[in-house]
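Here is the structure we will look at.
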Amino acid sequence: MFGSFERMVAGRYLRARKGERFVSIIAIFSLIGIALGVATLIIVMSVMNGFRQELLSKILGLNGDLGIYAVGPGLPNYDDLVAKVRKVPGVVSATAVVERPAGLKPEQGGNYSAGLVRGITLEDLRSLKVVADNIRSGTLDNFKGDDAIAIGVGLANRAGIGVGSHLQVYAPDMTATPFGSIPRGRSYTVVAVFQVGFSEADNGFIFMPMDAAQILFRMPDLATQIEVTTSDPDRAIMTGRDIRQALGDTPLRVVDWTQNNNAFFAAVEVERNVMFLILTLIILVAAFNIVSSLIMMVKDKTRDIAVLRTIGASSGSILRIFLMCGAFVGVAGTVVGTLLGVAFCLNIEAIRHVIEGLSGTNLFNPEVYFLSRLPAVLQWSEVAQVVGMAIGLSLLATIYPSWRAARTDPVEALRNE
């Protein structure tokens, strides 16, 4: 498509001589602008993907893809319901849970706080890999009896307790006595401390044996819900319909994860799209810089264009020469930005620690962002989309200046010199 003569001339024009430095500087800034725009866009999109994936894995790992809830105060005969649900195609696991908010207070002083108690059997807690695989102290072997609990590391640190310590857990309802209503609760022994990397769970979840939770919340032989994990979360809605049919006329509600967390994930998606649009403008501004630098180059090279035309260069050759000049800036900036963005994403945690060490600030507070580390997930299809968009905008920016150069009248150009 491009001849050796055209490549030679384009290369010569890209190497600034004395008196042409200004045009070259503008081209360099255009290259840097495109590189920074591409790198920033890749980094931000990867971090947003990482946020969504990490939050989705933590939330679904703790709560399941589907929830089956009682219409009344609880689910009776929940063991039979669990057995029926497990037979539904696409269901990986089904777990009966007693879940209620509770008040918390360390036995050896400390302030009251709120938490979420989840009653669950030892077998089901072991199968909950997001917790069982992240025990930081203690062991689940002692998760039995009527006074054992497992708590998150955030709650343990805040309350100043650990394995072997005691925590007062209060039910939300009160007990009536001749002296008035008093809080109803009891002391439990911490047998394990977990850290799942999800701030909400690490700071407020308390797991206790199913029987103990039923006693605390006065729900004998009842469960508040059944949490279901499926083979494909994206097909959770269809699996929920199959579960509904399998359970027949039992009065209950089947809610999938998209309904439970719809507002949260919709907000993440909106923010992701807005960031993509805003950062695309950086690349667009850099592309306009290519237009201005090429127009200045065409004006500066008007006499050279006239000479080339008089010695036989066609208008198409002139067009291709300046297309190559602009394309080089766009493609080089895109390549540099892509390499920079990918390298940053692959080492984002190490870079964060270095910046925090140098600045002495906490750039990523888990209590604010719900995660214990800064995630980044590269999707190569998105990287290809960013690269294609940057190169496309850069090539579009070269068309008008190159067309103007090709239309230069050599006679008029030499006459005006």
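The values are calculated or read from the model by the stated rules, or taken from the named source; none is laboratory data. Just so you know, these numbers come straight off a predicted model, no measurement behind them. Cβ atoms come from the backbone with ideal geometry, glycine included; neighbour counts cover every protein chain shown.
Of all the criteria given as (1) under 30 Å from residue 246 (Cβ atoms); (2) touching a residue at least 24 places away in the same chain (Cβ under 8 Å), the one not satisfied by residue 144 is (1).
One residue stands out in region 353-384 among those that are modelled with pLDDT of 70 or more and in a loop (DSSP other than H, G, I, E, B): the one that is farthest from residue 272 (Cα to Cα), namely 360. Summed over region 229-246, the residues that are touching a Gly at 6+ places or on another chain (Cβ under 8 Å) and of a type in the set (Gly, Ala, Ser) give a count of 1.
Considering region 200-228, and only residues there that are under 26 Å from residue 251 (Cα atoms) and of a type in the set (Asp, Glu), the residue that is modelled with the lowest pLDDT turns out to be 221.
Residue 257 passes every criterion in (1) more than 27 Å from residue 89 (Cα to Cα); (2) touching a Pro at 6+ places or on another chain (Cβ under 7 Å) apart from (1). Is it fair to say residue 34 is in contact with a Ser or Thr (Cβ under 7 Å, 6 or more places away or on another chain), modelled with pLDDT of 80 or more and farther than 30 Å from residue 229 by Cα? Spelling it out, residue 34 is indeed in contact with a Ser or Thr (Cβ under 7 Å, 6 or more places away or on another chain), modelled with pLDDT of 80 or more and farther than 30 Å from residue 229 by Cα. If the condition is being farther than 10 Å from residue 34 by Cβ, surrounded by 24 or more Cβ atoms within 10 Å (Cβ to Cβ) and either β-branched (Val, Ile, Thr) or free of Cβ contacts under 8 Å to residues at least 12 places away in the same chain (or both), then region 318-344 contributes 318, 321. Cβ separations smaller than 9 Å between residues 6+ apart or across chains give no pair from region 377-390 residues that are over 14 Å from residue 337 (Cα atoms) and in the same structural domain as residue 276 (by TED's automatic domain parsing) to residues that are exposed (fewer than 13 other Cβ atoms within 10 Å of the Cβ) and modelled with pLDDT of 90 or more. Consider residue 163 carefully, then state whether it is out of contact with any Asp or Glu (no Cβ under 9 Å at 6 or more places or on another chain), modelled with pLDDT of 90 or more and not polar (S, T, N, Q). Spelling it out, residue 163 is indeed out of contact with any Asp or Glu (no Cβ under 9 Å at 6 or more places or on another chain), modelled with pLDDT of 90 or more and not polar (S, T, N, Q).
Residue 330 falls short on exactly one of the conditions (1) of a type outside the set (D, E, K, R); (2) closer than 17 Å to residue 384 by Cβ; (3) not in a helix (DSSP H, G or I), and that condition is (3).
The single condition among (1) crowded, with 17+ Cβ neighbours inside 10 Å; (2) modelled with pLDDT of 85 or more that residue 69 does not satisfy is (1).
Does region 185-200 include one or more residues that are part of a strand (DSSP E or B), in contact with a Leu (Cβ under 8 Å, 6 or more places away or on another chain) and basic (Lys, Arg)? Within region 185-200, one or more residues are part of a strand (DSSP E or B), in contact with a Leu (Cβ under 8 Å, 6 or more places away or on another chain) and basic (Lys, Arg). Filter region 73-86 down to residues that are among the small types (Gly, Ala, Ser) and either in contact with a helix residue (DSSP H, G or I) (Cβ under 7 Å, 6 or more places away or on another chain) or in a helix (DSSP H, G or I) (or both), then give me how many there are. Of the residues in region 73-86, 1 are among the small types (Gly, Ala, Ser) and either in contact with a helix residue (DSSP H, G or I) (Cβ under 7 Å, 6 or more places away or on another chain) or in a helix (DSSP H, G or I) (or both).
Among the residues of region 77-91, those identified as surrounded by 14 or more Cβ atoms within 10 Å (Cβ to Cβ) and within 13 Å of residue 250 (Cβ to Cβ) are 78, 81, 82, 84, 85.
Out of all the residues in region 166-178, is one or more of a type in the set (D, E, K, R), at pLDDT below 85 and under 24 Å from the mean Cα position of the chain (by Cα)? Working first, answer last.
Of all residues in region 166-178, those of a type in the set (D, E, K, R) come to 173.
The next check asks that each one be at pLDDT below 85; those that pass are 173.
Keeping just the survivors that are under 24 Å from the mean Cα position of the chain (by Cα) gives none.
No - not one qualifying residue is present in region 166-178.
Filter region 261-308 down to residues that are among the charged types (D, E, K, R) and more than 30 Å from residue 60 (Cα to Cα), then give me how many there are. Summing the residues that are among the charged types (D, E, K, R) and more than 30 Å from residue 60 (Cα to Cα) in region 261-308 gives 5.
Taking region 245-270 as the range and being at pLDDT below 75 and of a type in the set (Phe, Trp, Tyr) as the test, the residues that pass are 264, 265.
Residue by residue, here is whether (1) in contact (Cβ under 8 Å) with a residue 12 or more places away in the chain; (2) of a type outside the set (Asp, Glu); (3) touching a helix residue (DSSP H, G or I) at 6+ places or on another chain (Cβ under 6 Å) holds:
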site	(1), (2), (3)
63	yes, yes, no
68	yes, yes, no
71	yes, yes, no
88	yes, yes, yes
94	yes, yes, yes
97	yes, yes, no
102	yes, yes, no
107	yes, no, no
